[in-house]
Amino acid sequence: MVKLPIYLDNNATTPVDPRVLEAMLPYFTEHFGNAASRNHSFGWKAEEAVDYAREQIARLVGCADKEIIFTSGATESNNLAIKGVYEMYAQKGNHFITVTTEHKAILDTCKHIEKLGAEITYLEPDTDGLISLKELENAITDKTVMISVMYGNNEVGVIQPIKEISDIARKNGILFHTDATQAIGKIPVDVDKDGIDLMSFSAHKMYGPKGVGALYVRRKNPRVKVTAQMDGGGHERGMRSGTLNVPGIVGFGKACEIAQNEMTGEAARLSALRDKLERALMHMEEVYINGNRENRLPHVTNMSFKYVEGEGLIMGIKDLAVSSGSACTSASLEPSYVLKSLGLNDDLAHSSIRFGLGRFTTEEEIDFAIEHVKEAVTKLREMSPLWEMFKEGIDLDKIVWQAH
Amino acid sequence: MAYSTKVIDHYSNPRNIGTLDKSDPSVGTGLVGAPECGDVMRLQIKVNDETGMIEDARFKTFGCGSAIASSSLATEWLKGKGVDEALTIDNMDIVEELALPPVKIHCSVLAEDAIRSAINDYRVKKGLEPLADKKRY
Ligand SMILES: Cc1ncc(COP(=O)(O)O)c(C=O)c1O
Ligand code: FES
């Protein structure tokens, strides 16, 4: 029997891998030193551990260890990349290009610099979530300083054509930043091959601890600099002050090492399970997969179960921890802006569920999930007036609804 | 956010799911909400023309657990009530009974609207004036 509830929300966060935890523990108690203490062995020990982790992380993404700036997570990394570049390159221009399906940590940071005088172009992806390279090129002006496009999307898993985007950036002498939080450790990412100048990522999405992340900042061809957003002791080459979270960083490093060793096998295993889940659920009528299916992270699927409301469905599958694009609980009652950007009608967006598989997801769990979801969808459809109308052949688009 | 035990009970064992014949002159049908808003409720009553009592009530709801529970509860309360008495069911009674949190009050409003809409449908069928919309804003 499988242990309940089953965690299928690995795009929100992941559990810490026991091997990661084991690596971290000594740095809370025994080797608790401040990595910036230069005068004694406690400090040296901590610094050594940080240096080693920096190497482990750099190796995973193909950069030099000096190019990794530790932060508190991807939210901070995104803030530092955008605000830091906006300030540092103010002489060059004030125009940024990003996409409507980015994480709030990008979109709200862009809104912030807009108030300070930046101009932002928000590209709209097509219905499968990919941006148009043509539109990207057309958006570039002589004032453009940076393009920021996420690697893999957190809600639907769509992977953008990163290399093609960075080629365009490079050709035009523009910096390229990517929020790779969902991609790192799941698929191969190489800052040189991919042509990335700045990159945000976070430990807790890849079986490391919460509250630690990194911003990769290119040092050569071109040499990139960001204005610090946190003033203080000048840590991290002056770009991010603050005593380093040594145990967190050690865990982050270990998580990267494990990911590097196990990524290929893990991606194959998880995409097979994900495909199994999708295939089985698609046997039901009126079930849709959201976002591009070819260019997709291996461990996630976003599906809409038409005529069933997402929050109601989540209540029905209470043994599964998943998330929904329906935001009925939020004050706005607006469904997911990412799904809306893909052109999904509000009713399908309200009917969506994201399943995020992870390292510890088993086949038994997926088998259980399939039956559980099928049962709940069937039961809720029997309760749904929309399903009944659909079955009677009534065109729901023709009805004048009494929206409230 | 945790659901109250009463919401869970109605959600897991909904009372009176189903469909009555729309064309029956003694049946009133209310369909409120919109798919784009994430909630649609259909509530039907069958009235005994002689006694004016609601003999049967059925619902189908597309919506969250609280919306399903609100409509399920509404059908329970409607059965056995007179049509005029049914109009006194207030959404805040539903909120109280189900212990709905503030963000879920609109689910109960929807149920009250559905009751009104079903009664109006019945009234029109009987050649009576529909009741004026209740203003909420
Ligand atoms: C794509 C993306 N960017 C940024 C973040 C924020 O990361 P963190 O929780 O490390 O601040 C997340 C996680 O929610 C994410 O999925
Ligand atoms: S139906 Fe929208 S929150 Fe209940």
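The values are calculated or read from the model by the stated rules, or taken from the named source; none is laboratory data. Only a predicted model underlies this, so the values are computations on that prediction, with no experimental measurement involved. Note that each Cβ is placed from the backbone with ideal geometry, even for glycine, and that neighbours are counted across all protein chains shown. Note: accessible area is taken over every heavy atom of the protein model, side chains too, but ligands, DNA and RNA are not part of it. Shrake-Rupley method; radii C 1.70, N 1.55, O 1.52, S 1.80 Å.
Numbers for the structure displayed
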| item | result |
| --- | --- |
| Index of the failed condition, B:Asp21 passing every other in (1) charged (D, E, K, R); (2) within 11 Å of chain A (Cβ to nearest Cβ); (3) open to solvent by 50 Å² or more (accessible area, probe 1.4 Å); (4) farther than 21 Å from A:Glu311 by Cα | (2) |
| Residue match in segment A:111-118 (condition: open to solvent by less than 40 Å² (accessible area, probe 1.4 Å), under 18 Å from A:Asp179 (Cα atoms) and assigned to a loop (DSSP other than H, G, I, E, B)) | no |
| Considering residues of segment A:203-233 that are out of contact with any Asp or Glu (no Cβ under 9 Å at 6 or more places or on another chain) and within 12 Å of A:Phe70 (Cα to Cα) only, the residue surrounded by the most Cβ atoms within 10 Å (Cβ to Cβ) | A:Ala203 |
| Count of residues meeting criterion [outside any strand (DSSP E or B) and either small (Gly, Ala, Ser) or within 14 Å of chain A (Cβ to nearest Cβ) (or both)] in segment B:24-55 | 6 |
| Check on A:Phe32, open to solvent by less than 10 Å² (accessible area, probe 1.4 Å), of a type in the set (Phe, Trp, Tyr) and either modelled with pLDDT under 95 or at negative phi (or both) | no |
| Flag if A:Ala12 is in contact with a helix residue (DSSP H, G or I) (Cβ under 7 Å, 6 or more places away or on another chain) and either away from ligand 1 (no atom under 16 Å from the Cβ) or touching a residue at least 60 places away in the same chain (Cβ under 8 Å) (or both) | no |
| Residue satisfying condition, being open to solvent by less than 50 Å² (accessible area, probe 1.4 Å), among the hydrophobic types (A, V, I, L, M, F, W, C) and within 14 Å of chain B (Cβ to nearest Cβ), within set A:Val308, A:Val287, A:Val250, A:Val300 | A:Val308 |
| Any chance B:Ala118 is of a type in the set (Gly, Ala, Ser) and within 14 Å of chain A (Cβ to nearest Cβ) | yes |
| Some residue of segment A:122-133 being of a type in the set (Gly, Ala, Ser), more than 16 Å from ligand 2 (Cβ to nearest atom), touching a residue at least 60 places away in the same chain (Cβ under 8 Å) and assigned to a loop (DSSP other than H, G, I, E, B) | yes |
| Residues of segment A:156-175 that turn out to be within 23 Å of A:Gly84 (Cα to Cα) and either among the β-branched types (Val, Ile, Thr) or within 16 Å of ligand 1 (Cβ to nearest atom) (or both), as a count | 4 |
| Selection from segment A:164-218 of residues that are part of a strand (DSSP E or B) and hydrophobic (A, V, I, L, M, F, W, C) | A:Leu175, A:Phe176, A:Ile184, A:Ile187, A:Leu198, A:Met199, A:Phe201, A:Ala214, A:Leu215, A:Val217 |
| Residues that are open to solvent by less than 10 Å² (accessible area, probe 1.4 Å) and either more than 10 Å from the chain's Cα centre (by Cα) or farther than 14 Å from B:Arg116 by Cβ (or both), drawn from segment B:37-58 | B:Gly38, B:Asp39, B:Val40, B:Val47, B:Ile54 |
| Residue, nearest to ligand 1 (Cβ to nearest atom), within segment B:82-100, restricted to residues that are outside any helix (DSSP H, G or I) and loosely packed, with under 15 Cβ neighbours inside 10 Å | B:Ala99 |
| Selected residue (only one of A:Lys171, A:Lys186 is away from ligand 2 (no atom under 16 Å from the Cβ) and either surrounded by fewer than 24 Cβ atoms within 10 Å (Cβ to Cβ) or at pLDDT below 95 (or both)) | A:Lys171 |
| Enumeration of residues in segment B:1-21 that are in a loop (DSSP other than H, G, I, E, B), touching a helix residue (DSSP H, G or I) at 6+ places or on another chain (Cβ under 9 Å) and charged (D, E, K, R) | B:Arg15 |
| Failed criterion for A:Arg293 (all others in (1) part of a loop (DSSP other than H, G, I, E, B); (2) crowded, with 20+ Cβ neighbours inside 10 Å hold) | (2) |
| The one condition in (1) more than 14 Å from every other protein chain (Cβ to nearest Cβ); (2) under 28 Å from the mean Cα position of the chain (by Cα); (3) open to solvent by 30 Å² or more (accessible area, probe 1.4 Å) that A:Gly358 fails to fulfil | (3) |
| Hits in segment A:39-77 - residues which are surrounded by 15 or more Cβ atoms within 10 Å (Cβ to Cβ), of a type in the set (A, V, I, L, M, F, W, C) and away from ligand 1 (no atom under 16 Å from the Cβ) | A:Phe42, A:Trp44, A:Ala46, A:Ala49, A:Val50, A:Ala53, A:Ala58, A:Leu60, A:Cys63 |
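One line per residue, one yes/no per condition, for (1) assigned to a helix (DSSP H, G or I); (2) at pLDDT 90 or above; (3) of a type in the set (D, E, K, R):
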| position | (1), (2), (3) |
| --- | --- |
| A:Ser326 | no, no, no |
| A:Glu334 | no, no, yes |
| A:Val338 | yes, yes, no |
| A:Leu348 | yes, no, no |
| A:Arg354 | no, yes, yes |
| A:Asp367 | yes, yes, yes |
| A:Phe390 | yes, yes, no |
